[in-house]
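Take a look at the structure set out below.
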Amino acid sequence: MEPRFFNRELSWIEFNGRVLHQALRRDQPLLERLQFLSIVTSNYDEFFQVRVASVKRMHMANPHTLDISGLTPEMVLKQISARSHQIMRIQHDCLNNDLLPEFAKRDICYVKPADFNAAQSDYALNFFMNDVYPLLTPLRTDTEVFPNITNLATYAAFLLKPIAGIRNANEILKGSEDSPRISFVQIPNGLSQVIWLPGENGKKQFALLEEIIVRYGTQLFAGFEVEETLLFKIARDADFAVDEDSGSNFVDAMEQVLVQRQSSFPVQMTCNQTSEKILEFLKEKLELTEDDVYRVDDIINPGVLMELREIDDGKMSFPEWEHFYPASLPQEEPYWDILKQRDIVLHVPYESYDPVIKFISDAADDPSVLAIKMTLYRTGKDSPIVAALERAARNGKQVVVLVELKARFDEERNIAWANQLENAGVTVIYGLKNLKVHAKIIMVMRRENDTVRRYAHLATGNYNPKTAKLYSDLSIFTGNSEIVNDATLFFNLVTGYSTLQSMKQLDMAPVTLKSKLLSMIQREIDRSDPEHPGLIMAKMNALTHEEVIEALYKASQAGVKVLLNVRGVCMLVPGVPGLSENIKVISIVDRYLEHSRIFYFQNGGSDEIYLASADWMPRNLDRRIELMFPIIDEQAFDEVKEVLEVYFKDNVNALELKEHGGWCGIPRNKDDEDFRAQETLYKKYKHLNDTASKGTKIEFEVRRKD
């Protein structure tokens, strides 16, 4: 009997396999292939810290519990290990036997220390002694407390042997047969990891910092010989929950979580294959099993090679794609008058993120603006948005910012932003107890003609100008009275005490969003018949919510056609006769990270489209503050629908999920032309920009969808 649900963790691994698939494609530029290899590693780092750590804790607490896919924690861990080992072997085989030789063909050569010529050896030794040696701190392992190994840091370990005839060597570093003399040093993060060597025959040649430290690390251990070495990295449990009852000490509690993350229990080790003795010693000390150890050839983290971008001649990367300023918005004037007439859709990164920055900046400097309210989940380093909010507060405006400190792996940065904003006079709200605030919304209150008019920006992605150049997201600017009224209710609820009031246009998790989705799926069932089957199209990052999946199965059984674009985890099983034969699931991995959430319901001909900050996951629909908002403006509606339809036409980068859990290319006829969704969207926005640049006048008129 086929399972009704795929396992979440195993589904995620297949997503990482799709990322690896891009690295294996020889039609991709060389540095982009390397980038995808690097993403595989960084994805796994987070996966082991969070998801595998969670399964391990579940295994310790409830080892016989079956998950929704019918697997025990032990079974899940075994399958995670088997498939992840396979993916990493393919990843490193690609690096060593494909990408590095391709770089060498371009006279960019990776040189191992054993292959240094005399000039390179002299250079590397001099570099080590002058620039590296003073930064290294060798740690003994025979102390009463085993030295802490920092989470995700790379270490070089040395198995030592006293040099015969040198007195007191054993007093310097003790050891025995039961306790081998092993020491390790952390590879410094502050130095470049790619070390350029004196080249020969016109070639650019480089080595890695970690291997130079291994080669010349003997200098750290006077009186000892180095018998064996090992490079390794440990991933630790990072799935900590902050104490929600910390009250006024919540920030302190969050900072404590960050400290715990560096010394929590080890989950996984990545290492090279140079010393079984050191490896066995570390496995014992760190209580890791063989399934937890991932041996690779030479380079532990392919991401360090991304420093090679410094010498890119433009031929090893994707052709540059411009981020176009929207033709529908003025670059100099504020947007207030336009938003009185219609809503504006922004589609990054094809369109520039500058309008969002301008929207906040204009509000900060406009004497008529009285207040700004917004949510901040992840905002990036040196954010112009934060600078504008500080400026607004100093200009005497009421500025309220809800900063979510529980944004995993951005907690430290968000604490710093919160302190900085408070110092500027901004009212900072530190989220809600037991709920992450993941909604993306800005509201501006402006005095106009003896009344206060409100404007809003709602988005599927974070207020982060840097990731907005890499992540595909949609948002709207609006002055729609019902939406801004709902926005007011939303902020009253999340910043103060307020009885939940009915919203006309916005749906908020964990209150109404899930029930609205389920009711719209049921409505599609009710309005579907064999002559006029219903249609649901949805794009999201993950689909794991059992109730939503069961509702989609019911829709399929009723003849509703369901098209799903799911970038990452998908626990729904498509194509099963009698269950999900009308459901198709595709996934696209391309140069931009697909991040937008778009939901379309045919609704018997009165079709509706929604954007949301939420994926269809239990955490989003049941345990987070999220917002889903409709696209009401007719022109905006047509634009978003066109974007959604483009994703289901891709036959280049799209893969389709099959009922057995594998992903296959989209079937094509021999005469089918290539259709790549992201390239098509780029060309669309380029055409709009080129048309606007020729002086075509853009008329603004009020148009609302009936």
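The values are calculated or read from the model by the stated rules, or taken from the named source; none is laboratory data. Keep in mind that what you see is a predicted model, and the values were worked out from it rather than measured. Here the Cβ is made from the backbone with ideal geometry for all residues, glycine too, and neighbour counts use every protein chain on show. SASA here: full protein model, heavy atoms, side chains in, ligands and nucleic acids out. Shrake-Rupley method; radii C 1.70, N 1.55, O 1.52, S 1.80 Å.
Worth pointing out:
- Any pair with Cβ under 7 angstrom, 6 or more apart, that starts in the stretch 386-415 at a residue that is under 20 Å from Asn492 (Cβ atoms) and ends at one that is basic (Lys, Arg) and modelled with pLDDT of 80 or more: Val400/Lys373; Glu404/Lys436
- Within the stretch 198-225, restricting attention to residues that are assigned to a helix (DSSP H, G or I) and within 33 Å of the chain's Cα centre (by Cα), the residue that is nearest to Pro162 (Cα to Cα) is Val214.
- Any chance Met445 is in contact with a helix residue (DSSP H, G or I) (Cβ under 7 Å, 6 or more places away or on another chain), of a type in the set (A, V, I, L, M), farther than 28 Å from Trp321 by Cα and in contact (Cβ under 8 Å) with a residue 40 or more places away in the chain: no
- If only residues of the stretch 372-394 that are part of a strand (DSSP E or B) and hydrophobic (A, V, I, L, M, F, W, C) are counted, the one that is surrounded by the most Cβ atoms within 10 Å (Cβ to Cβ) is Leu376.
- Test: residue in the stretch 564-582 that is assigned to a strand (DSSP E or B) and either open to solvent by 20 Å² or more (accessible area, probe 1.4 Å) or touching a Gly at 6+ places or on another chain (Cβ under 8 Å) (or both): no
- Any chance Lys440 is open to solvent by 40 Å² or more (accessible area, probe 1.4 Å) and in contact (Cβ under 8 Å) with a residue 12 or more places away in the chain: no
- Selection status of Pro367, open to solvent by 50 Å² or more (accessible area, probe 1.4 Å), within 26 Å of Ser481 (Cβ to Cβ) and assigned to a loop (DSSP other than H, G, I, E, B): yes
- The residues listed here are Ile588, Ile583; of these, the one that is within 14 Å of Leu657 (Cβ to Cβ) and touching an Asp or Glu at 6+ places or on another chain (Cβ under 7 Å) is Ile588.
- Among the conditions (1) touching a Gly at 6+ places or on another chain (Cβ under 9 Å); (2) farther than 25 Å from Ala654 by Cβ; (3) crowded, with 16+ Cβ neighbours inside 10 Å, Asp107 misses just one, which is (3).
- For Val428, the requirement of being more than 23 Å from Gln635 (Cβ to Cβ), assigned to a strand (DSSP E or B), β-branched (Val, Ile, Thr) and touching a helix residue (DSSP H, G or I) at 6+ places or on another chain (Cβ under 7 Å) is met.
- In the stretch 266-315, of all residues being assigned to a helix (DSSP H, G or I), open to solvent by 20 Å² or more (accessible area, probe 1.4 Å) and β-branched (Val, Ile, Thr), the one that is nearest to Gln49 (Cα to Cα) corresponds to Val304.
- The set of residues in the stretch 334-357 being assigned to a helix (DSSP H, G or I) and buried (at least 21 other Cβ atoms within 10 Å of the Cβ) consists of Leu339, Pro355, Val356.
- Looking across the stretch 1-28, the residues that are of a type in the set (D, E, K, R), over 19 Å from Gly665 (Cβ atoms) and at pLDDT 95 or above come down to Arg8, Glu9.
- Residue in the stretch 26-42 that is out of contact with any helix residue (DSSP H, G or I) (no Cβ under 9 Å at 6 or more places or on another chain), open to solvent by less than 30 Å² (accessible area, probe 1.4 Å) and assigned to a helix (DSSP H, G or I) present: no
- In this structure, Val185 does satisfy being modelled with pLDDT of 55 or more and open to solvent by less than 20 Å² (accessible area, probe 1.4 Å).
- Filter result (in contact (Cβ under 8 Å) with a residue 24 or more places away in the chain and within 15 Å of Pro302 (Cα to Cα)) within the stretch 71-92: Ile87, Met88, Ile90, Gln91, His92
- Flag if His59 is more than 30 Å from Gly217 (Cβ to Cβ) and surrounded by fewer than 16 Cβ atoms within 10 Å (Cβ to Cβ): no
- One residue stands out among those in the stretch 604-615 that are open to solvent by less than 10 Å² (accessible area, probe 1.4 Å) and not in a strand (DSSP E or B): the one that is nearest to Arg567 (Cα to Cα), which is Asp615.
- One residue stands out in the stretch 452-487 among those that are hydroxyl-bearing (Ser, Thr, Tyr) and surrounded by 24 or more Cβ atoms within 10 Å (Cβ to Cβ): the one that is farthest from Leu611 (Cα to Cα), namely Tyr455.
- Candidates Leu543, Leu552, filtered to the one that is under 22 Å from Leu10 (Cβ atoms), at pLDDT 95 or above and in contact with a Phe, Trp or Tyr (Cβ under 7 Å, 6 or more places away or on another chain): Leu543
- Those residues of the stretch 114-142 which are within 19 Å of Gln186 (Cβ to Cβ), open to solvent by less than 70 Å² (accessible area, probe 1.4 Å) and either at pLDDT 95 or above or assigned to a loop (DSSP other than H, G, I, E, B) (or both), in sequence order: Phe127, Phe128, Val132, Leu136, Pro138, Thr141, Asp142
- Considering (1) open to solvent by 10 Å² or more (accessible area, probe 1.4 Å); (2) part of a helix (DSSP H, G or I), the lone condition that Gly661 does not fulfil carries the number (2).
- Tally of residues being modelled with pLDDT of 90 or more and surrounded by fewer than 17 Cβ atoms within 10 Å (Cβ to Cβ) across the stretch 493-505: 1
- If you go through the stretch 628-650 and pick out every residue that is assigned to a loop (DSSP other than H, G, I, E, B) and either touching a residue at least 60 places away in the same chain (Cβ under 8 Å) or buried (at least 21 other Cβ atoms within 10 Å of the Cβ) (or both), you end up with 4.
- Among the residues of the stretch 395-420, those identified as modelled with pLDDT under 95, in a loop (DSSP other than H, G, I, E, B) and among the charged types (D, E, K, R) are Glu404, Lys406, Arg408, Asp410.
- Annotation: of all residues in the stretch 506-537 being of a type in the set (Ser, Thr, Tyr) and part of a loop (DSSP other than H, G, I, E, B), the one that is surrounded by the fewest Cβ atoms within 10 Å (Cβ to Cβ) is Thr512.
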